[in-house]
Amino acid sequence: MNLILIFPEETGPDGRVKLTDQRAVHIQNVLRAEPGKVLRIGLLNGPFGRGRVEEMVEGSVTLACEWEAAAPPCPTLDLLLAMPRPKVLKRLWAQLAALGVGRIILTNAEKVERFYFDTHVLNPDFYNARFIEGLQQARDTRLPEVSVIKQLKPFLETETFPTIEKKLIADPSGEHSLFQTLENLGEKVPSIGTGPKGRGSPNCVGAQRFAAQERRILLGIGPEGGWTPYELEMFQAHGFEVFGMGPRILRTDTACIGLISLLAESLRKSV
């Protein structure tokens, strides 16, 4: 735990917060903090800050909090993911938050079993707890937004993705590499309004919408059996570019972590 995340409702009017859960145990037993020690803290969906330990008793820690003026930027990468097996998704939640994904769109596909959507892993209480783990590990405050789409075709026909400049689909059939598809990134500026949050825009509570100059990417990753030719044609008809990573067929969690890491590094270098 590299950051102690504080929920907005936990802070009192005097800026103090009393922790009595696993965070308090971590501060006492792992960080071995004592009164007066200053800890790295973050307000969920808000700014980073400093928390000075004021009082410690068994299982309880009181912090005096000071917050920075601005929140960290929202992640510029969104993920459209064919619903994986629940046990795979269970492992992925924390990793997706740690890697910095703004929005996660879970969708049906021809090679996705319908009963996958009946899992408790899709319960917001379940995945938000895993997101918190990932954010505290990676030292971030931005909670990803999750959408569950059970009909892919109607979704693509009605969703305009107003904040997305580039839409990518990973598939072994792709003739171009990821880096080739990113060569012209930033040449076009997406048309993004400045009004209330629209469809396809990550939540980013407490922050302004993504600025037009930010180069947002939507990455699509299919089921372990792959997208069908019909699905790939449908994606391409709606502006998605297909790219490949060679002939190897990867598991969903491997593909997600590998591709998101590559995209994050590419975006960082292009800034």
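Bear in mind these aren't lab numbers, they're just calculated from the coordinates by the rules spelled out. None of the values given here were measured: they were computed from a predicted structure. Cβ sites come from the backbone with ideal geometry, for glycine too, and all protein chains shown count toward neighbours.
Structure notes:
- Between Glu9 and His238, the FRET efficiency estimated from the beta carbon spacing at R0 = 51 angstrom works out to 0.80.
- Computed Kirkwood radius, in angstrom, where 1/r is averaged over Cα pairs of the chain: 20.0 Å
- Beta bridge orientation in the chain: antiparallel %, DSSP, nearest 5: 40 percent
- Counting Lys and Arg as +1 and Asp and Glu as -1 over every other residue whose Cβ lies under 10 Å from the Cβ of Lys111, the net charge comes to -4.
- Residue exposure sequence - Arg248, Arg216, Arg40 - by fewest surrounding Cβ within 10 Å: Arg248, Arg40, Arg216
- Over the residues of the chain, the helix contribution to mean residue ellipticity at 222 nm works out to -8000 deg cm²/dmol, using -39500 (n - 2.57) for each DSSP H run of at least 4.
- Per-residue Cβ neighbour counts within 10 Å put Thr119, Thr76 in the sequence Thr119, Thr76, beginning with the fewest.
- Amide H contacts under 5 Å for Glu145, placed H, 5+ residues apart: Arg103, Ile104, Asn203
- Long-range lysine pairs (8 or more apart or interchain), the chain, Cα under 15 Å: 4
- Computed from the Cβ-Cβ distance with R0 of 25 Å, the FRET efficiency linking Thr160 to Leu262 stands at 0.40.
- Order of Tyr230, Tyr127 under a 10 Å beta carbon neighbour criterion, fewest first: Tyr230, Tyr127
- Cα gyration tensor, the range 75-165 - rounded (a/c under 1.5), prolate or oblate: oblate
- Rounded to the nearest 20, the Cβ-based charge dipole of the chain about its Cα centre (Lys and Arg +1, Asp and Glu -1) stands at 220 debye.
- Paramagnetic reach from Lys37 (point 7 Å along Cα→Cβ, amide N under 13 Å) across the range 58-86: 61-62
- Summed residue charge, Cβ within 12 Å of Leu63's Cβ, Lys/Arg positive, Asp/Glu negative: +2
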